[in-house]
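S.K.: I'd like to ask some things about the structure below.
The values are calculated or read from the model by the stated rules, or taken from the named source; none is laboratory data. Remember, it's a predicted structure, so these values are computed and weren't measured experimentally. So basically every Cβ, Gly included, is an ideal-geometry build from the backbone, and we count neighbours across all protein chains shown. The area values use the complete protein model at the heavy-atom level, side chains included, leaving out ligands, DNA and RNA. Shrake-Rupley method; radii C 1.70, N 1.55, O 1.52, S 1.80 Å.
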Amino acid sequence: MEDWKLTYRLLTHCKHFFHCRLSPNFHNSKPFCLSGSRSHCSQPSELVKPYIGNYQQEFQTFKHLPVSLGANPWNRCRSQYRCFASQATIIQRRPDFSTISSEDLNYFKNILGERGVVQDEETLDAVNMDWMRKYKGTSKLMLQPRTAEEVSQILKYCNSRCLAVVPQGGNTGLVGGSVPAFDEVIVSISHMNKIISFDKVSGILVCEAGCILENLIAFLDNQGFVMPLDLGAKGSCQIGGNVSTNAGGLRLLRYGSLHGSVLGLEVVLANGTVLDMLGTLRKDNTGYDLKHLFIGSEGSLGIVTKVSILTPPKLSSVNVCFLACKDYANCLKLLLEAKRKLGEILSAFEFLDHGAMDLVLKHLEGVRNPFPSSMHNFYVLIETTGSSESYDREKLDAFLLHSMENDLISDGVVAQDITQASSCWHIREGIPEALMKAGGVYKYDLSIPVEKMYDLVEEMGVRLGASAKVVAYGHLGDGNLHLNISTPQYDDNILSQIEPFVYEWTSKHKGSISAEHGLGLMKADKIHYTKSPETVQLMANIKMLLDPNGILNPYKVLPPSLFTKS
């Protein structure tokens with residue numbers, strides 16, 4: 001038992017700690033083992049095979065001859081149908097949406113210049129597809145504004161022409177929310193990447209929406225502060241996209257959601273109105289707090305162009321533990337004990353099961369098993385962050401000692417330096433990458449009462465048998481399960497066993513079908529599993545009020561059937 005007290009030291013003044021995760025250097029990390037302690041169609045009825053997924057599975061898109069829709073040139077377009085998964089709901093391109101003309105291109109070039117109007121095929125191929133290579137649009141145009149006024153001019157014009165628009169940031173989403181469903185105009189916010197101001201007294205950061213999260217983390221680190229948001233995709237994702245999807249991530253347990261951290265927004269509405277809500281006050285009770293409408297709306301109500309966010313001071317004492325548990329019940333008991341004994345210094349409580357660890361060890365280069373002599377059923381990663389080394393050490397000692405004495409943990413390792421801490425985090429953050437390398441993967445981001453969370457995993461395993469591998473990990477501290485079904489390739493038979501069962505089960509247990517990834521294309525027509533018909537209709541009413549032509553990120557978030565025009 002004394003080994004627990006002797007085989008670690010606290011990580012202090014860790015200036016680069018949060019920057020190290022997922023860096024290329026991870027593959028060069030030294031193994032560690034502490035003995036004893038221890039991620040479109042001109043021909044009729046042509047059948048097209050779009051690229052959806054990493055494998056040779058063929059998915060069909062049916063597109064038909066142009067249909068006459070009256071004298072209005074806005075309504076002269078093809079009726080198109082598309083399927084975005086091996087057995088997804090087929091959606092139809094809205095016939096009232098216009099297609100790009102040479103006049104449109106000239107208008108955009110006058111606003112943005114030649115460099116801001118992208119028609120290069122190679123570039124468009126990249127931005128039409130999500131990072132999982134599952135969803136792919138056919139947009140022929142990407143616009144790159146640099147100011148909110150340029151975004152305003154773009155949207156005002158697109159609204160008048162009924163040109164559908166997809167806002168895009170880092171394009172790291174998992175539900176097809178940031179790529180076109182058809183030929184929508186992509187509006188990239190990537191060039192709007194300036195830090196506007198930072199107040200060292202209040203910790204309030206104001207920046208443009210195109211700032212990459214990792215760059216903001218680095219900036220704040222130099223100022224002695226941290227972002228209240230941390231994601232595995234931080235090297236690519238952008239703060240505007242984070243806000244628009246209400247991203248959760250690894251620090252939600254400590255700092256809460258973006259609904260609490262974001263103090264203000266600047267948003268451009270579909271008609272070009274620039275909505276200035278860029279407040280920097282922590283208290284403001286004047287009228288409705290409208291910013292919350294846009295946090296998590298996935299760009300369907302407006303395009304976020306600036307963000308004001310409250311950031312906490314960086315604390316000097318950071319610890320990372322990687323622990324093994326014999327069963328899920330012990331993981332839950334460990335969570336309760338961590339909340340009780342670590343209290344205010346607890347900053348992350350992540351879990352993964354045996355299947356997740358097995359995939360990481362098989363498919364990620366340079367990853368070592370922290371417990372080389374055996375595999376365990378469950379693993380827990382705990383991070384603490386505090387200001388007093390001795391105080392934090394005393395609390396951690398007591399927690400680990402109690403957990404060992406009560407058989408809550410079977411084995412464990414406490415990082416003794418930044419490299420080891422990064423290695424621990426790499427196991428957890430590397431699971432999505434490992435799943436992608438293993439083959440096809442059906443991903444479900446669910447919020448479920450923690451005591452029921454793993455029941456779904458076990459039932460899914462029984463349901464699928466040997467046809468697929470069920471893998472689970474997630475943010476146990478806030479009840480967020482990442483359920484993954486790994487298969488050699490995408491298979492309709494397997495999907496029919498997963499859906500709608502996974503949504504029905506979640507609904508039955510009062511959970512949410514989207515904890516932090518959003519709904520996007522993948523789950524827009526599944527929202528009724530979590531929200532009542534009255535609630536969904538009110539959401540649709542808000543959408544129609546703010547975007548009556550429905551040009552902003554169509555087919556996403558809410559069921560397209562709600563906006564079908566006669």
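S.K.: Where residues in the stretch 176-218 are of a type in the set (D, E, K, R) and farther than 28 Å from A270 by Cβ, which of them is surrounded by the most Cβ atoms within 10 Å (Cβ to Cβ)?
M.R.: If we take residues in the stretch 176-218 being of a type in the set (D, E, K, R) and farther than 28 Å from A270 by Cβ, then E214 is surrounded by the most Cβ atoms within 10 Å (Cβ to Cβ).
S.K.: Here's a follow-up. Would you call L408 farther than 30 Å from G224 by Cβ, in a helix (DSSP H, G or I) and either open to solvent by 10 Å² or more (accessible area, probe 1.4 Å) or of a type in the set (V, I, T) (or both)?
M.R.: no
S.K.: Filtering the stretch 505-546 down to residues that are surrounded by fewer than 15 Cβ atoms within 10 Å (Cβ to Cβ) and among the charged types (D, E, K, R), which residue is farthest from L231 (Cα to Cα)?
M.R.: E534
S.K.: Could you say whether any residue in the stretch 91-98 is open to solvent by less than 70 Å² (accessible area, probe 1.4 Å), over 26 Å from S190 (Cβ atoms), at pLDDT below 95 and outside any loop (DSSP other than H, G, I, E, B)?
M.R.: So far as the stretch 91-98 goes, yes, one or more of its residues are open to solvent by less than 70 Å² (accessible area, probe 1.4 Å), over 26 Å from S190 (Cβ atoms), at pLDDT below 95 and outside any loop (DSSP other than H, G, I, E, B).
S.K.: Would the stretch 395-404 turn up any residue that is out of contact with any Pro (no Cβ under 9 Å at 6 or more places or on another chain), farther than 21 Å from Y328 by Cα and surrounded by fewer than 16 Cβ atoms within 10 Å (Cβ to Cβ)?
M.R.: Yes, because at least one residue in the stretch 395-404 is out of contact with any Pro (no Cβ under 9 Å at 6 or more places or on another chain), farther than 21 Å from Y328 by Cα and surrounded by fewer than 16 Cβ atoms within 10 Å (Cβ to Cβ).
S.K.: Restricting to the stretch 505-514, count the residues that are in contact with a strand residue (DSSP E or B) (Cβ under 7 Å, 6 or more places away or on another chain) and either of a type in the set (A, V, I, L, M) or assigned to a loop (DSSP other than H, G, I, E, B) (or both).
M.R.: Number of matching residues: 3.
S.K.: Can you name the residue in the stretch 293-322 that is more than 27 Å from S347 (Cβ to Cβ) and out of contact with any Lys or Arg (no Cβ under 9 Å at 6 or more places or on another chain) and, of all such residues, is most open to solvent (accessible area, probe 1.4 Å)?
M.R.: Among those residues, the one meeting the criterion is L293.
S.K.: Name the single residue, out of those in the stretch 155-173 being in contact with a helix residue (DSSP H, G or I) (Cβ under 8 Å, 6 or more places away or on another chain) and farther than 15 Å from K140 by Cα, that is surrounded by the fewest Cβ atoms within 10 Å (Cβ to Cβ).
M.R.: Of everything passing the filter in the stretch 155-173, Y157 is surrounded by the fewest Cβ atoms within 10 Å (Cβ to Cβ).
S.K.: Can you find a residue that is acidic (D, E) and in a loop (DSSP other than H, G, I, E, B) anywhere in the stretch 536-549? Working first, answer last.
M.R.: Within the stretch 536-549, the subset acidic (D, E) is 547.
Subset that is in a loop (DSSP other than H, G, I, E, B): 547.
Yes, the conditions are met somewhere in the stretch 536-549.
S.K.: When you go through (1) farther than 21 Å from G302 by Cα; (2) over 28 Å from the mean Cα position of the chain (by Cα); (3) part of a loop (DSSP other than H, G, I, E, B) one by one for W131, which number turns out not to apply?
M.R.: (2) is the only condition that W131 fails.
S.K.: Which residues, counting only those in the stretch 254-275, are open to solvent by 50 Å² or more (accessible area, probe 1.4 Å), in contact with a Leu (Cβ under 9 Å, 6 or more places away or on another chain) and either among the aromatic types (F, W, Y) or farther than 22 Å from V166 by Cβ (or both)?
M.R.: Hits for the stretch 254-275 are R254, Y255, G260.
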